[in-house]
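What follows is a single structure, written as structure tokens, with notes after it.
The values are calculated or read from the model by the stated rules, or taken from the named source; none is laboratory data. Just so it is clear, the structure is predicted and the values come from calculations on it, not from any experiment. Cβ atoms come from the backbone with ideal geometry, glycine included; neighbour counts cover every protein chain shown. Each accessible area value is taken on the protein alone, full model and side chains, heavy atoms only, with ligands, DNA and RNA left out. Shrake-Rupley method; radii C 1.70, N 1.55, O 1.52, S 1.80 Å.
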Amino acid sequence: MPTRTFRLTRERLVAYAAASGDHNPIHWSETRAAAVGLPGVIAHGMLSMGLAATAVTQWAEQEHVGAHVVEYATRFTRPVLVPDTADGVKLTVDGVVGDVREDGTVRVDLTVRCAGQKVLARTRAVLAPARV
């Protein structure tokens with residue numbers, strides 16, 4: 001799977017908070033993030049997870065003509081720090097086929113990084129072939 005890069009900015013965090021209903025101030029306030037021991041404002045974990053799922057879903061639809069995700073799992077390992085700059089921070093998603101199963105499904109193992117460090121671990125998607 002080719003590398004996908006997503007840019008996370010404070011503006012995007014505010015938009016995600018509005019869409020998800022998760023208005024926790026650690027996702028927009030330096031003061032509140034510091035008060036709970038964080039080194040800065042962090043992205044919503046579900047946003048990072050969703051972007052990784054977006055990368056594999058789009059790849060599956062384009063390269064495997066209609067294949068679709070039937071399982072998806074991950075573990076959160078590091079917070080994604082989002083600086084208060086116009087550029088924000090990059091989240092990169094890479095994937096490799098980890099297993100092709102007898103039932104025709106394919107497991108894709110994803111690597112999700114920010115600033116060179118893995119932020120999600122054991123990120124896996126299982127793709128099923130397109131329905132005929």
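Points to keep in mind about this one:
- Cβ-derived FRET efficiency at R0 22 Å, HIS68 paired with ARG101, nearest 0.05: 0.90
- Sparse packing (at most 13 other Cβ atoms within 10 Å of the Cβ) combined with a DSSP loop state is found for the following trypsin sites (Lys or Arg not before Pro) in region 41-132: ARG101, ARG131.
- Per residue accessible area of the chain, 1.4 Å probe, in Å²: 58 Å²
- Cα long-axis angle, helix 10-20 against the chain (0 to 90 degrees, to the nearest 10): 70 degrees
- 5 angstrom amide H check on ALA67, placed H, neighbours 5+ away: ALA130
- Distribution of pairwise C-alpha distances over the chain, 10 Å bins, in %: 13, 40, 29, 14, 4, 0
- Mean separation of Cα contacts under 8 Å, 6 or more apart, over the residue count of the chain: relative contact order %: 29 percent
- Long-range amide H partners of THR77 with built H, under 5 Å: LEU120, ALA121
- Dipole in debye (nearest 20) - the chain, about Cα centre, beta carbon charges: Lys, Arg +1; Asp, Glu -1: 260 debye
- Within the accessible surface of the chain, defined with a 1.4 Å probe on protein heavy atoms only, the carbon and sulfur portion equals 52 percent.
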